[in-house]
Amino acid sequence: MSAASTAAATAVAWAGRILALYGQGDLTLGHVSARLGERGGDRIYMKRKGIGLEEVTAADVLTLDANGRKIGGAGASHLEVVLHTEVYRAREDVGAVVHTHPLYATALSAVAADLQYLTHDAVLFPDGVGIFEDTSDLVLTPEVGAAVAKALGPRRAVLLRNHGVLVVGRDVRWAVLTALTLERAVRMQTVAESLGILRPIPESMIAAQHASKYREGFLDEYWEYWVRCVRRAGLDDGMPRGSHRPRRPAGNGVRRSR
Ligand SMILES: [Zn+2]
């Protein structure tokens, strides 16, 4: 494994543990992946099937080609690997994908309601969230995966009707932030709706708030904080020392292989 591959696999492992720490685990379900452009085409680094998000080490991260075929690592791929491969195919700007079944956002996927701009959390999604509703079943074929990517469109997140969420980021740090922030925004909305009439942030202010709150320069700080939280919670067994910041490498790290 190259140093970049090891770093990507380690970042995917930390991401799983961070998501689990914040309650996004569901049995052995849910997955995180990262994409690197390498000689010979894109490489996708994705958690293997069969273990929980909080159990992933770098050794549990498979190397896949752009079509989801396993080219490295031990263990089986998740059945829904097409969620990742088809989103990467559709979005050159995406370097990491998270699919989970978080409580509040999954509940939002099951009702006729939209995300409201109630707090800074929702402002991470200035163009809203997509909704995929072709099926509530598992996403098992490239055709259905491509339909999820279409429902995502240019956005950061898509709700999978009656199923869960898929979020993307330019790298693993951003994808984790997006997954945690979507869940927090919907949780906040759930509480706010019980308190009174909603008073959303005016639409005219959302773009400016987004720019001031969600800056690339903040992400390493957040990542290192999450890693410390995972360690304090004792969820770091099997993980190496250090924080392994998942930065997109020079040259953008992502190169389309098509
Ligand atoms: Zn799922």
Listed residues 126, 77, 192: farthest to the positive end of the dipole of the range 3-243 (Cβ charges): 77
Which of 82, 176, 97 moves most in a GNM of the chain, Cα contacts under 10 Å? 82
Calculated from DSSP helices alone, with each H run of at least 4 adding -39500 (n - 2.57) and the total divided by the residues of the chain, [θ]222 nm to the nearest 500 comes to -12000 deg cm²/dmol
Which residue, 245, 156, 215, has the most motion in a Gaussian network model of the chain that connects Cα atoms within less than 10 Å? 215
GNM, the chain, Cα, under 10 Å: largest mean-square fluctuation among 205, 188, 239? 205
I want to check the label-to-label distance for residue 26 and residue 195. Put each point 7 Å from Cα in the C-beta direction and report it in nm to one decimal. 2.8 nm
Largest to smallest principal axis extent of the C-alpha atoms in the chain, angstrom: 54, 41, 36
Spatially near lysine pairs across the chain, Cα under 26 Å, sequence gap of 8 or more or different chains: 5
Run through the range 87-189 and list the GluC sites (Glu not before Pro) located in a DSSP loop whose Cβ has at most 15 other Cβ atoms within 10 Å. 92, 133
Quick check: residue separation of residue 216 and residue 74 times 0.36 nm, minus the Cα distance between them. What number comes out in nm? 47.7 nm
One finds the C-alpha centres of the range 153-167 and the range 176-247 to be spaced, in Å, by 17 Å
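Every number in this text was worked out from the coordinates using simple rules, so none of it is lab data. None of the values given here were measured: they were computed from a predicted structure. So basically every Cβ, Gly included, is an ideal-geometry build from the backbone, and we count neighbours across all protein chains shown.
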